[in-house]
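Visitor: Let me begin by handing over the structure; questions about it come next.
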Amino acid sequence: MRHLLKAMGFWIWGLLAIGLAASVANIGYRWASHFHSVDQPEPAPSNGVSLQIGPARTSLGASPSPASAESVPQTGALPTGSRARLELAEHNQDVNGEIYYGQELYYQREASTDDLVQLVSRITLAKGCEVGLVWANRALEFEERARRKPSAELYTAKSGCVKDRGEAIATAVELIKLTDDPKWWRHWIELNVQGQNDWVALAYLRVGNLVGALSPALVNDYARLLDGLKLYGERHRFVQRTTKALSADHSDTAEYLKEVLALSDHAFASGAPAEAEKRNQLLDSPRLGSEVLARIGALSYEAGNFESAISELTTALPGIPKSPMGTRIDPSSANHPEDSYVYLALSQLELNRKEAALKTFSALLNLYLYAPWRDAWQMYVEQKLAKSMLPKPGA
């Protein structure tokens, strides 16, 4: 009897061990299948998902896989190869199939730039920005490995989904380099002025003004910022030019801007005489050191005396102490070493002396390596000023 009970105990424990092993094997298989499927083309769902993709596409239809959703030609033969099946899916307006075979072309390293653009667009529409952003980054890496020219369409798709501010700024920079479109300059400026102090924001807004990329909101911000920093002369010139540019525009936005600019331009009338008097007092100073002369040059720039500003600032700059950090002890002060370079370069641009302005900006960037406003001027110099001086094709 004892031996029988012992045998039955072994038998029961054996059954338990077999059941436990089967459970572990099943769980392991599920985990392996899950991670294996992350980087594989995803077959179409079989639950009849409905998705609106333009006017001609109404439903994805109920289909267990892209292959079963394909319309078989009259010959009865299915096309072979991912490219042919993708074209058939496009013909049938089968979005699931388009995604599936587009992913296959990606994994087979056969996708063209247009294939990748279409794939990212379809995935973003079908599965949302989170998945779309993953595939936008994969597509851009694919293009880099293939040594193809970066695609503005892929960066545009990425820009529509990216949430991280730093990544959004980097994406806008690439789009500026690829397209030089004012809307991407505007987007880049809007991202960069967020949370910045007045002088850093001013650098980006000045760049926006130079490249003609200020939105109505940024026009208003720029005018108010110049007013708050008591840069009345620069503000007056900006107001006059902007109002003239808006003269033929009778939209509600343009009318609002013209009203705001006209009402707030009184600051120039009261500020300009005071600034002129301050300049005259400085000129009467018994000792015109470099810092005093630099301030006179800044006031000349404010007054619109650009030739005087260039002469005074050029003389003053060698004797002005510099700091690679470009920090301001008094954030409200306009008398800072970096300003002398900016006013000199802007005066040179006012007189269309681009080569001289390029040298001045280059000196500014070489001296202030870690200043928070450095990216603004570097972007302008590299993407606008330097390129504007290149000979035109066929010239």
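Visitor: Can you divide the C-alpha Rg of segment 86-190 by 2.2 N^0.38 Å and report the result to two decimal places?
Guide: So the Cα radius of gyration is 1.10 times the expected 2.2 N^0.38 Å.
Visitor: Determine, for each peptide in 348-356, 172-180, the mean count of other beta carbons within 10 angstrom over its residues, then list the peptides with the highest first.
Guide: 172-180, 348-356
Visitor: How large, in percent, is the carbon and sulfur part of the accessible surface of segment 147-240 at a probe radius of 1.4 Å?
Guide: About 46 percent, which is the carbon plus sulfur part of the accessible surface.
Visitor: Asp164 accessible area, nearest 10 Å², 1.4 Å probe?
Guide: Using a 1.4 Å probe on the heavy atoms, I get roughly 90 Å².
Visitor: Normalised by the residues of segment 158-206, what does the relative contact order come to in percent, with Cα pairs under 8 Å and at least six apart?
Guide: With pairs under 8 Å counted, the relative contact order is 27 percent.
The values are calculated or read from the model by the stated rules, or taken from the named source; none is laboratory data. This is a predicted model, so every value here is computed, not measured. Here the Cβ is made from the backbone with ideal geometry for all residues, glycine too, and neighbour counts use every protein chain on show. What goes into the accessible areas is simple: the full protein's heavy atoms, side chains included, and nothing from ligands, DNA or RNA. Shrake-Rupley method; radii C 1.70, N 1.55, O 1.52, S 1.80 Å.
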